[in-house]
1. Name the pairs whose Cβ atoms lie under 9 Å apart, with the first residue in segment 31-48 and under 23 Å from Glu93 (Cβ atoms) and hydrophobic (A, V, I, L, M, F, W, C), the second in a helix (DSSP H, G or I) and at pLDDT below 65, and 6 or more positions between them or separate chains?
2. Among (1) at pLDDT 80 or above; (2) exposed (fewer than 14 other Cβ atoms within 10 Å of the Cβ); (3) over 21 Å from Glu26 (Cα atoms), there is one condition Ser103 misses while meeting the rest; what is its number?
3. When you look at Lys97, is it part of a strand (DSSP E or B) and modelled with pLDDT of 90 or more, yes or no?
Amino acid sequence: MRSTFISSLVLACVSTLVGAIGPACEPGLLYCMDSLLPHNPSWYHDIIYEAAYQAGISSDQIDHSLFRCSDDSNYRAMIKYVKTCPRHQCYNEGEGKDSWCGSGVEEQAYLGC
């Protein structure tokens, strides 16, 4: 009986987390750093910084970098570093659309958008 209660509690917590992640980090889409953090739990910060660390970029570059969301099938979104944009040139196109950086169409083509 106790294990059923604990299992139900864990499932409820996981469902809450999945719901919180879903709309803000859709697998396959590109996101500017500043568009990820306001919509996600604080642990997203650690995931973003880990992706940046693995890519070898410095902490001052993270704020104007582009990341791609994917799903690791463990109820947490995975975030991969894509590139660092020129300062103040990471553009969020809104929900369901790729963010991009640079001067326009040529950057979107480069990123495979």
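1. Pairs found: Leu36/Ala24.
2. (1)
3. On the way: part of a strand (DSSP E or B): no; modelled with pLDDT of 90 or more: yes.
Against the criterion (part of a strand (DSSP E or B) and modelled with pLDDT of 90 or more), Lys97 does not qualify.
The values are calculated or read from the model by the stated rules, or taken from the named source; none is laboratory data. Just so it is clear, the structure is predicted and the values come from calculations on it, not from any experiment. Cβ coordinates were reconstructed from backbone atoms using ideal geometry, including for glycine residues, and neighbour counts include every protein chain displayed.
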